[in-house]
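Please treat every number below as a calculation from the coordinates, not as lab data. Remember, predicted model here, so these are calculated numbers, not experimental data. Ideal geometry is used to build each Cβ from the backbone, glycine not excepted, and the neighbour counts take in all protein chains shown.
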Amino acid sequence: MKSALERAADLLGRARFPVIGGLFTDIRGAEAALALAERLGGVVDHAASTGLMRASRVMRETGATPASFGEVRNRADTVVVVGQGPLRRDADLLAKLLPAKPGLPRPGDNKRETILLGTGKVALPKQVRTTAVESKLSLPEMVALLAASVREGRFDLRDKALRVKIEAAAERLRKSAFAVFVYDPAELEEPVLHTVLEIVRHLVVTTRAAILSVAAPGNGDGVNLCSTWTCGLPVRTSFARAVPENDVWLYETGRLIESGEADALVWIDALDGTAPARPKGAPAVVLSSKPGRAGKDDVVIDVGCAVVDHDAALYLAPISGIGMVKAANANDSKPSVAAVLNEIAKVLDAKDAA
Amino acid sequence: MLIQLKGGRVIDPVHNRDAVGDLFVEDGRIVAKLEGRKADEVYDVGGKIVMAGAIDVHSHIAGTNVTLGRQLMPELPALAAAEGQPILASPAAWGSYATGIRYAEMGYTTVIEPAMIPTHAIEAQAELAAIPIIDTAGLVILGNDDYTLELLRGGRAGGDELKDYVAWTLQHSKAMGLKIINAGGSEAFKFNARTFDLDDEVLDYGVSSRAIVESLQKAVADLGVPHPPHVHCNNLGIAGNVETAVATIEATQGLPIHFAHIQFYGYGDAGEKGFSSGAPRLMEAVNKHKNATVDVGQVMFGQTVTISGDILRQFDGRAAASPKKWVINQGDGNGTGVVPYNYRSKSFVNALQWAIGLEIFLMAEDPWRVLFSTDHPNGALFIRYPEIFHLLMDRGERDRWLDDLPKDVREVSNLAGIARELTLSELAIITRGAPARLLGLTDRGHLGPGAVADIAVYTEQKNKTAMFAAADLVFKSGKLVVRDGKVVRVTWGRCYHVKPGFDTQIKRRVNAFYDRYYGADPSWFGVSDAMTRPDRFATIPNLS
């Protein structure tokens with residue numbers, strides 16, 4: 001009987017256009033996945049790439065004005081939370097961004113304050129002064145109204161109470177020494193992201209302002225950075241041609257499998273926490289740190305869980321970058337994602353040589 | 001295995017050698033001729049030029065800032081290729097892998113990434129480790145971080161704690177040296193300052209740029225780190241800034257210091273347009289202050305992207321973005337600005353920048369202190385180096401380029417009147433011997449016995465662009481990696497770092513600082529031997 005690695009290599013060696021998806025893995029796993037995708041002429045994508053792709057397209061079109069988590073935590077005097085995403089992702093986010101203890105020296109002498117724009121009802125830490133802007137209008141409409149008001153432009157709004165709140169928020173932003181918009185790009189469509197960036201670009205002419213984009217789950221930001229330094233492009237990139245190609249729609253895992261364009265899937269889920277949903281419809285090599293049901297055509301390989309079973313480099317929100325986290329109870333009973341993918345590549349090399 | 005490179009013209013200014021002869025290589029090192037032994041492999045390099053592998057002291061090839069540039073500008077290689085720059089029109093052409101390949105093809109074997117962010121050292125080191133063939137090292141940035149500024153608050157000297165903090169930072173990130181970028185200027189930007197001069201003070205901390213540089217310079221000297229502080233001065237890119245650069249050079253207390261990409265500080269404000277060459281004034285100061293070294297940061301015409309921890313300068317420069325998009329990343333410490341830029345030969349300012357860079361090279365009395373760089377990608381992509389070597393070695397080539405530039409450039413620059421042409425030995429100094437000496441990498445940059453066998457072989461020809469774009473042969477640590485300008489074997493290099501000692505009390509203080517202000521644990525950004533290949537990291541000994 002063939003080993004799982006050999007069956008995986010057989011499946012991938014036969015595939016015309018495989019996709020390596022999920023990618024809930026550490027940086028070493030991402031490096032190995034990118035190397036394998038290049039070797040196979042396949043695609044890399046991440047299960048939480050929707051927001052990353054929006055942010056990356058907006059960045060390529062007009063740029064960006066990010067601030068680090070640490071800068072916001074220490075120096076922002078106004079934190080605008082846009083939408084429900086950020087506080088759903090981390091209910092304690094505001095307590096982390098606006099802690100009770102004083103931070104490093106910060107510009108201006110405003111009291112620190114948060115503006116909640118379409119967040120819905122949320123629990124707030126005591127020390128945070130808050131203005132909530134809620135309405136029946138959609139979030140994109142509210143963002144657009146705020147943008148107009150910040151520029152002191154004219155806008156049509158019959159809801160007097162809302163107008164007062166929007167104008168007060170805009171006034172506060174103009175008077176802020178360092179205003180920061182916090183959002184989850186998975187929640188906001190690209191035009192809304194552009195609008196928020198335009199507000200920031202308007203404000204920075206005279207004062208300081210920035211955005212803080214909530215990190216994607218599953219080390220999405222780390223995997224995306226790794227893809228970028230490796231091949232110059234974010235995830236949802238194909239290596240089928242001589243030059244790598246990035247396309248938000250074309251190279252999305254679910255679409256590739258559903259349409260039958262991809263004929264094999266490598267599905268990677270090796271981080272603690274909620275597992276991403278795996279698209280069904282193609283034979284798969286599944287690298288998972290969690291027990292799950294396998295389809296009859298699947299090759300399932302148990303792997304260690306990053307940070308739990310082995311030390312791992314991952315995107316860490318508090319440093320707004322990739323850091324290394326030590327495993328509390330490291331054990332090598334199961335191989336890492338990187339080790340398995342590199343072994344599959346070796347089996348493929350050996351087959352090619354034979 | 002004994003390898004012999006037979007009959008080449010060996011140019012090794014470290015040993016005052018420029019003569020036809022043989023080189024022998026064994027176990028990755030250059031060895032003296034072994035009497036009575038026959039080489040196992042002989043390369044006939046008769047008629048060829050043999051030099052040590054080249055070393056780049058200042059090239060942004062890895063880390064958060066560079067990858068931010070890649071995120072903003074995946075089209076950079078395509079735009080550059082469309083203009084005729086020698087690069088493949090693929091986003092991957094400025095990825096980690098292609099970086100090592102292209103450098104090796106030109107005969108480069110060691111490259112220094114000059115701007116590692118302390119808290120992002122893991123990414124910088126992971127990116128450096130993904131670059132094949134060449135050896136690398138990183139310089140870590142301090143001088144706009146609140147820990148340093150707190151130690152210097154109100155004019156305090158920082159004392160042993162600053163020294164310990166610098167040593168801890170260097171070790172923690174596995175850096176080979178310290179980088180200081182617009183000291184205090186990025187911090188001032190956080191308080192909405194839009195200009196910052198040498199004697200301006202950072203709000204709240206009450207410490208000047210001058211004081212920050214002096215304190216860090218002293219700390220590095222006391223620690224015995226071979227590479228002196230690598231300084232990016234205030235007022236980059238501004239007309240009249242030559243005065244800032246000269247004042248900074250004069251403030252260096254006679255201690256070793258390196259000034260990066262000084263072309264960007266060689267600007268006078270004479271002439272009708274208020275922009276002129278300050279190269280003579282700058283080089284007078286550089287020539288006089290023998291404790292100072294510089295790299296030039298030559299500009300070349302064409303599309304590139306500027307990536308800098310001088311966020312204040314980049315913020316100001318955003319208006320000139322081409323294409324019109326930019327990133328201002330307000331990160332911890334310095335932050336970053338990424339601004340795409342296209343240097344145009346028809347632009348008076350850009351043409352003058354180009355001329356000033358060449359003037360600086362050609363006015364250097366001591367090439368050991370005026371090193372080659374383009375501040376890749378800021379002045380030009382590193383793939384343009386061969387063209388610059390050509391310009392430095394061939395006055396006729398310079399005149400041809402000058403003829404295509406706006407006429408008034410000649411009036412405010414001295415380039416047309418400079419007859420000097422660099423010799424091959426001088427080129428070997430500014431691209432090999434001097435960088436190795438400056439970095440404390442005494443085992444390279446020359447071809448003496450015991451040196452790492454990093455060797456580049458070129459075919460001498462009048463067209464120096466062609467000559468240096470594609471080496472005939474390149475050996476990295478004794479292994480043949482390039483033949484006829486193409487990589488024939490992919491090897492993986494080492495990463496060099498220093499290990500200055502410190503009082504371990506500093507760890508407790510730094511941990512408390514990050515816990516309180518960032519909710520972060522410094523162990524997250526500590527670089528360990530285990531994070532990459534075995535034998536990846538190599539230590540550079542401290543100066544005794």
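Data overview
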{"item": "Spin-label pair residue A:141/residue A:332, simplified geometry with 7 Å Cα→Cβ offset, distance in nm", "result": "6.1 nm"}
{"item": "Shape call, the stretch A:216-311: gyration tensor on alpha carbons, a/c limit 1.5", "result": "oblate"}
{"item": "For the stretch B:126-269, convex hull of alpha carbons as volume per residue, Å³", "result": "121 Å³"}
{"item": "Footprinting exposure proxy for B:288, B:190, B:464 (fewest neighbouring C-beta atoms within 10 Å first)", "result": "B:288, B:464, B:190"}
{"item": "Cross-link table B:218/B:499; B:290/B:462; B:290/B:476; A:2/A:351; B:38/B:476, entries beyond 24 Å C-alpha to C-alpha", "result": "B:290/B:462; B:290/B:476"}
{"item": "Amide hydrogen neighbours beyond the local backbone of residue A:300, cut-off 5 Å, H modeled", "result": "A:286"}
{"item": "Mean-position separation - Cα centroids, the stretch B:40-116 and the stretch A:23-47, in angstrom", "result": "24 Å"}
{"item": "Centre separation in Å (Cα based) which lies between the stretch B:418-450 and the stretch A:307-353", "result": "41 Å"}
{"item": "Counted charge near residue A:334, where neighbours are those whose Cβ lies closer than 10 Å (Asp, Glu -1; Lys, Arg +1)", "result": "-3"}
{"item": "Ascending count of other beta-carbon atoms within 10 Å, so fewest first, for A:333, A:227", "result": "A:333, A:227"}
{"item": "Residue-averaged beta-carbon neighbours from other chains (10 angstrom radius) around B:120-131", "result": "5"}
{"item": "Mean Cβ neighbour count within 10 Å, used as a protection proxy, ranking B:502-512, A:316-326 highest first", "result": "A:316-326, B:502-512"}
{"item": "Part-to-part distance (alpha-carbon centres) for the stretch B:335-401 and the stretch A:110-163, which is given in Å", "result": "50 Å"}
{"item": "For the stretch B:7-162, radius of gyration divided by Kirkwood radius, i.e. Rg to Rh on alpha-carbons", "result": "1.12"}
{"item": "The stretch B:465-509: Cα Rg divided by the 2.2 N^0.38 Å rule of thumb", "result": "2.10"}
{"item": "Gyration tensor verdict on the stretch B:148-207 (Cα atoms; rounded if a/c is under 1.5, prolate if a/b is larger than b/c, oblate otherwise)", "result": "oblate"}
{"item": "Spin-label pair residue A:250/residue A:163, simplified geometry with 7 Å Cα→Cβ offset, distance in nm", "result": "4.9 nm"}
{"item": "Computed over chain B, Kirkwood Rh from alpha-carbon pairs, angstrom", "result": "23.4 Å"}
{"item": "Cβ-based net charge around residue A:287, under 14 Å, with every Lys or Arg adding one and every Asp or Glu removing one", "result": "-1"}
{"item": "The stretch B:58-123 pair-distance distribution - Cα-Cα, 5 Å bins, rounded %", "result": "3, 17, 23, 25, 20, 9, 3, 0"}
{"item": "Unsatisfied cross-links (Cα-Cα over 27 Å) in the set B:48/B:479; A:296/A:326; A:111/B:507; A:111/A:326", "result": "A:296/A:326; A:111/B:507; A:111/A:326"}
{"item": "Residue order, fewest to most surrounding Cβ atoms within 10 angstrom, among A:57, B:194, A:16", "result": "B:194, A:16, A:57"}
{"item": "Global geometry of the protein assembly as shown, whether rounded, prolate or oblate, following the gyration tensor of its Cα atoms and the 1.5 cut on a/c", "result": "oblate"}
{"item": "Fraction of the pair-distance distribution of chain A above 25 Å, Cα-Cα pairs, percent", "result": "57 percent"}
{"item": "Charge sum, other residues only, whose C-beta stays under 11 Å from residue A:250's C-beta, Lys/Arg counted +1 and Asp/Glu -1", "result": "-3"}
{"item": "For the stretch A:1-60, average projected area of the Cα convex hull in nm²", "result": "5.1 nm²"}
{"item": "Set of aspartates and glutamates with alpha-carbon distance to residue B:464 below 17 Å, sequence-local pairs under 8 removed", "result": "B:105, B:387, B:394, B:397, B:399, B:421, B:426, B:472, B:484"}
{"item": "Mean shadow area of the stretch B:1-44, taken as a quarter of the surface of its Cα convex hull (nm²)", "result": "3.2 nm²"}
